[in-house]
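Before any comments, here is the structure.
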Amino acid sequence: MNIVRRLVLDRRRGAAWWSLGMIGGVAAIVGLWPSVRGNGDIEDIVKDLPEGIKALIGNNADIPLSSAPGYLQARLFSTTVVIVLLVYAIALG
């Protein structure tokens, strides 16, 4: 138990900065939502993309990208958060 406690204490400052950065990134993505809301042009662009690219950006055919759940799925949950957490895990060693 002392090893886990020591690990957490040693990495708390770095984890705090990563958390603040993650909160800032999420706030920036959510802050851009009003410019995307109800924009049908995004749907037209995504409709013409190959299936592999649609899967990469997290596009779900049932949820339009111009809706809040579709926007958050495509921008936040399927790409940004995954990449940031992967980089953090690699940095931890």
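Just name the residue that is nearest to residue 79 (Cα to Cα) out of those in the stretch 10-22 that are under 21 Å from the mean Cα position of the chain (by Cα) and open to solvent by 90 Å² or more (accessible area, probe 1.4 Å). Even if it seems obvious, please write down each step before you answer.
Taking the stretch 10-22 first, the residues under 21 Å from the mean Cα position of the chain (by Cα) are 14-22.
When the remaining residues are screened for being open to solvent by 90 Å² or more (accessible area, probe 1.4 Å), the result is 17-18, 20.
Numbers: 17: 20, 18: 17, 20: 18 Å.
This residue is 18.
When you look at residue 7, is it under 18 Å from residue 89 (Cα atoms) and open to solvent by 100 Å² or more (accessible area, probe 1.4 Å), yes or no?
Working: under 18 Å from residue 89 (Cα atoms): yes; open to solvent by 100 Å² or more (accessible area, probe 1.4 Å): no.
So residue 7 does not fit the description; no.
The values are calculated or read from the model by the stated rules, or taken from the named source; none is laboratory data. As the structure is a computational prediction, the values presented were derived from the model and not from experiment. These area figures cover heavy atoms from the full protein model, side chains too; ligands, DNA and RNA do not enter into them. Shrake-Rupley method; radii C 1.70, N 1.55, O 1.52, S 1.80 Å.
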